[in-house]
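This report concerns only the one structure given below.
Any read-out appearing in this document is the output of simple, stated calculations on the displayed coordinates, not a laboratory observation. Please read all numbers here as calculations on a predicted model, not as lab measurements. We place every Cβ from the backbone using ideal geometry, glycine too, and count neighbours over all the protein chains shown.
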Ligand code: MN
């Protein structure tokens, strides 16, 4: 359900009329070449669309406001091939609402030492044209991404591609709808927050829907639909014996399929990109949604448990950013620690809802009693996570601002059998080390709910926070508690004056 390949970023080159038609013709040709190379690059997952060179206040304003209005345009790339006096950019940049990447590049890679003359110097002025432009963007206090280097280098195209993924995540939030079944889990603080401020800041809305309305969808599911889905379960997972045809818990599997079909129809019909529920308010449902939620997350819906709409929205945005890449993005909870001083680890899981996008191997489909919620035994997928570089990210409401907190982590294989733990498990070690990471996370007010990512980078999440105009804090290999505390203190002052 997530496809960013039809999205586009506009490639906009700045210049001025001073140079005459011949130079401007060359500027247009060179810009076309660069835009085409970026568009053709396998490192950039969206379309790069060439726009005619802008040379005046009016042309800049028209192009940038057109970008605002264009449905498929998720951001713009700007580049000053020649000098483009930046007062011309004030009106357009002030009106710009889409994310911007400033590509600080030059058409030619090398200086042609033997032939370089003043015509060449006139044509290739990004070294100072981009500085004039950069001054104005900074003077206007506008957040933007700056990428430096020759446009044909893989490392440059990769940075642009990564940024377009972030812009796609941001674009996905604009006008997005998230459904909340029931309210917040009672008395929980970190999962709560200001939904009006969130819609203002982030562009998505969160509204509550009665569980009874969802139950109507669940009850309307037909036996034929259930048969088809149960067959899909049987072909996709290792099935517990009791869930097979004639097994003691076969009716639980049928009920789980009914819930999945009803829930999906509710979400699709309503145009929702994600949802949240709470086990304290499932009146009329026979089972807690386990496998249903797991599979809907895998399909691309954002989700977090216990009414946690902020994490649900974050999971969705990160799924968009990582779409089409190896690895996954998934709702996660720091559950239990392994405190062996030689190798402390965090075991992540949830009571049911762990996204099979993280599964190292084919999951097994099982049914077990659940101590909370007071419902029939729920069906769930059980699996272990993968090893490899990863991170966890959490979004909190601090009253005067939202904070995105990110911790770099390293996923590890779960080697033990865990025969009595009937949920999916993901294990990782946090960077720089367990003690510093956990101390910083707690000082940073980080939630126990996160999005665990195997393919979104810290830099991308920092860019995402800048697009949203919110605070970001990072815990990684360079973190020391002293510096981390100082950053929190200076951010307190900074955001008080925002
Ligand atoms: Mn939870």
Working out 0.36 nm times the residue gap between residue 236 and residue 177, then minus their Cα-Cα distance, what length gain in nm do you get to one decimal? 18.2 nm
With each pseudo-label sitting 7 Å past Cα toward Cβ, what's the residue 150-residue 439 distance in nm, one decimal? 4.6 nm
Using 0.36 nm per residue, how much length does the chain from residue 336 to residue 492 gain when fully extended, once their Cα-Cα distance is taken away? 53.1 nm
Give the angle, between 0 and 90 degrees and rounded to the nearest 10, that separates the Cα long axis of helix 126-139 from the longest principal axis of the Cα atoms of the chain. 60 degrees
Round to the nearest 10 and give me the degree value, 0 to 90, for the angle of helix 458-468's Cα axis relative to the longest principal axis of the chain. 80 degrees
Where both residues lie in the chain, what percent of DSSP beta bridges are antiparallel, nearest 5? 45 percent
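What's the exposure ranking of 41, 453, going from fewest to most Cβ atoms within 10 Å?
Details: 41 18, 453 28.
The most exposed by this proxy come first: 41, 453.
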By the gyration tensor of its Cα atoms, with a ≥ b ≥ c the square roots of the eigenvalues, what is the shape of the stretch 32-94: rounded for a/c under 1.5, prolate for a/b over b/c, or oblate? oblate
Sort 335, 452 so the one with the fewest other Cβ atoms within 10 Å of its own Cβ comes first. 335, 452
With R₀ set to 25 angstrom, the calculated FRET efficiency between the beta-carbons of residue 476 and residue 188, to the nearest 0.05, is 0.35
Report the relative contact order of the stretch 246-299, percent, no decimals, based on alpha-carbon pairs under 8 angstrom and at least 6 residues apart. 51 percent
Quick one: work out the % antiparallel among DSSP beta bridges in the stretch 385-498, nearest 5. 75 percent
Which angle from 0 to 90°, rounded to the nearest 10, does the C-alpha axis of helix 223-236 make with the longest principal axis of the chain? 70 degrees
Could you check the spin-label model distance between residue 131 and residue 111? Points 7 Å from the Cα along Cα→Cβ, value in nm. 1.4 nm
Relative contact order [Cα under 8 Å, 6+ residues apart], the chain, whole percent: 12 percent
Rounded to the nearest 0.05, what FRET efficiency do residue 299 and residue 429 give with R0 = 25 Å and r taken as the Cβ-Cβ distance? Could you check? 0.25
Taking 383, 497 and counting other beta carbon atoms within 10 angstrom, the fewest-first order is 497, 383
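Which whole-number percentage describes the relative contact order of the stretch 227-375, with Cα contacts under 8 Å and a sequence gap of 6 or more? Don't skip to the answer; put the middle values down first.
Working: 190 pairs, mean separation 37.8, N = 149.
The normalised contact order for the stretch 227-375 reaches 25 percent.
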